[in-house]
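Structure, as structure tokens:
The values are calculated or read from the model by the stated rules, or taken from the named source; none is laboratory data. Please read these numbers as outputs of a predicted model, since none were measured by experiment. Ideal geometry is used to build each Cβ from the backbone, glycine not excepted, and the neighbour counts take in all protein chains shown.
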Amino acid sequence: MLMSQPEETMTRQSRSSRRPVAIPADEAERNRLLAEMAEQSTDMISRHTPGEWRFIYASPAVTHLLGYSVEEIIGMSAYELYHPDDVEDFKRRSPSVSYERGLYTHTYRFRCRDGHYTWLESTSRSIRDPDTDELLEILVVSRDVSRRVEAEQASQRLARVLEYSSDLVAFATPDHRITQLNEAARQALGLELTDHQPLRLQDLFAADSYGLLQSQGLPVAKEEGRWRGEAEMFSRSQQRMIPVMLEVLAHRSLGGQLEYFSTVARDMTAVKQAEAEKLQYQLEIDHASRLITMGEMATGLAHEVNQPLTAVVNYVRGIQRRLDMGADTPLSEIAQPLERIGSTALRAGDIVHRMMDFTRKTEPCRELLDLAPLVDELISFCQHSAGRHQVQLSNRLPDNLPPVLADRIQLEQILLNLILNGIEACSDGDESDRQVWLDASLDKSDQVIIRVLDQGRGLPVSDPEQLFGQFFTTKTDGLGMGLAISRTLTERHGGQLQAANRPEGGAVFSFNLSTG
């Protein structure tokens, strides 16, 4: 039976004086209650011998803490149950052992009966003879702290991961005061967090990005737990803006109160540079594709330009002949030829400008475009090529289509590739049935579906997806880039270019565009 401290003191007194000591009835009752509480406590209370720390008493809590019965553990040395790494810590009074007002508190691992180790926190006190100061025994109170220790270890592991993470991590109070920066953030931003140099969230970000955090990031994170978006952080060491993918998390207490925010920023500098290089490369490819398309149409375009130029020459020669006759020619008689010269020259100029606009290297610029007039211009542009192959071109777009949001040059490039492919597909067919036409419709999601249809020989492959592979071509002199580039341009607009055979014969190429 465990004896309380007063009992221990009286026992020591009786040993030293060798005479019986009477215990008052009220104190005896108090000691009995204390002993009963010890027996029922969920904390394990134990008494140990000096030196080897053998159990001379253990409360029943030893069973649910360690799996031993009281009878089994009596006589065992505590050193036998210590984890090997923790024995020396205790002997050396390492930082895991604290001392205050005569009490030692130690956190350590103890082996249970089934062989696994559990974390205990023990507070021990030595019992000494008051006359000789001889160490008589050690009184220990132990409790299971496995969950607390595991949580602390998990926090430490997480802290190490955050400290060594390549992402820029910061912790901030609800009033935007920075409490912690990891190594990556300190190095990238050129900042140090000290008591003499307090930092606020606005010190980390560009002005626009901090405004975005105030208006969206932090309120959304506070409401929904997290927010994700793009931002820019300012590097004082490099004197530049760092583009980042930013995630803001709101952390709350068990009571639901907002405790702090964490921001995790991934440096997107390399990604942004790669995207810019890819875009530049794509622009070069698009430009080359338009030049190739113009090269394929060079003969027809030369004919288109030659016609108005020949007409201009003829009108000028007619006027010259009238003037050479020597007779006074009224201005009214040459007004009409002069007007025709002007309009014909403008037509030739329009054709040249059309070619220049199409082949010019330009940055994408999306705008709302009316499809019908754009399709009419392309049909007119391709008319000579269609005529050489005896193919009829027609615009069958409905009148009630809304404008689409697209880059004009890129949309023309898509349609021009599809129209020219349709013309070539019809060139081997029956001369009485060679048609290429365009139509469109509005789907349920307010997307405009544009189709280029032909009455040609149909798709030359069993799997239409093959047609969109780079360098795939069925033409003897083709490069296999037209449809691949057209699909890329379509996807850049948020659409999808598809191909299929028509049941009536021929093929249909379709893609969707947003109405803005």
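Cβ-Cβ distances below 7 Å connect the following pairs, each with a first residue in the stretch 429-448 that is assigned by TED's automatic domain parsing to the domain that holds G494, a second residue that is at pLDDT 80 or above and among the basic types (K, R), and a separation of six or more residues or different chains: G429/R457; W437/R396; L438/R396; L438/R451; D439/R396; D439/R451; A440/R451. Restricting attention to the stretch 437-457 and to residues that are assigned to a loop (DSSP other than H, G, I, E, B) and in contact with a helix residue (DSSP H, G or I) (Cβ under 8 Å, 6 or more places away or on another chain), the residue that is farthest from D399 (Cα to Cα) turns out to be R457.
Within the stretch 160-181, the residues that satisfy the criterion of being in a helix (DSSP H, G or I) and either surrounded by 13 or more Cβ atoms within 10 Å (Cβ to Cβ) or among the β-branched types (V, I, T) (or both) are V161, L162, E163. Please indicate, with yes or no, whether at least one residue in the stretch 308-327 is outside any helix (DSSP H, G or I) and either at pLDDT 65 or above or of a type in the set (D, E) (or both). Among the residues of the stretch 308-327, at least one is outside any helix (DSSP H, G or I) and either at pLDDT 65 or above or of a type in the set (D, E) (or both), which makes the answer yes. Suppose the filter is under 19 Å from R113 (Cβ atoms), modelled with pLDDT of 75 or more and exposed (fewer than 12 other Cβ atoms within 10 Å of the Cβ); does H83 pass it? Spelling it out, it is not the case that H83 is under 19 Å from R113 (Cβ atoms), modelled with pLDDT of 75 or more and exposed (fewer than 12 other Cβ atoms within 10 Å of the Cβ). Taken together, the residues in the stretch 149-176 that are in contact (Cβ under 8 Å) with a residue 24 or more places away in the chain and farther than 20 Å from D267 by Cα amount to 5.
Total residues in the stretch 401-410 satisfying the condition of being in contact with a helix residue (DSSP H, G or I) (Cβ under 7 Å, 6 or more places away or on another chain) and either without any contact (Cβ under 8 Å) to a residue 12 or more places away in the chain or part of a helix (DSSP H, G or I) (or both): the figure is 2.
Evaluation of A188 against the conditions (1) in contact with an Asp or Glu (Cβ under 9 Å, 6 or more places away or on another chain); (2) modelled with pLDDT of 90 or more; (3) outside any loop (DSSP other than H, G, I, E, B) shows that the sole unmet condition is (2). Among the residues making up the stretch 144-159, a single one is among the acidic types (D, E) and exposed (fewer than 13 other Cβ atoms within 10 Å of the Cβ): E150. Taking the stretch 108-159 as the range and being assigned to a strand (DSSP E or B) and under 46 Å from the mean Cα position of the chain (by Cα) as the test, the residues that pass are Y108, R109, F110, R111, Y117, T118, W119, L120, E121, R143, D144. Of the residues making up the stretch 232-246, those that are crowded, with 19+ Cβ neighbours inside 10 Å and under 13 Å from D167 (Cβ atoms) are M233, I242, V244, L246. Only residues that are among the hydrophobic types (A, V, I, L, M, F, W, C) and in a helix (DSSP H, G or I) were counted across the stretch 254-285, and they come to 7.
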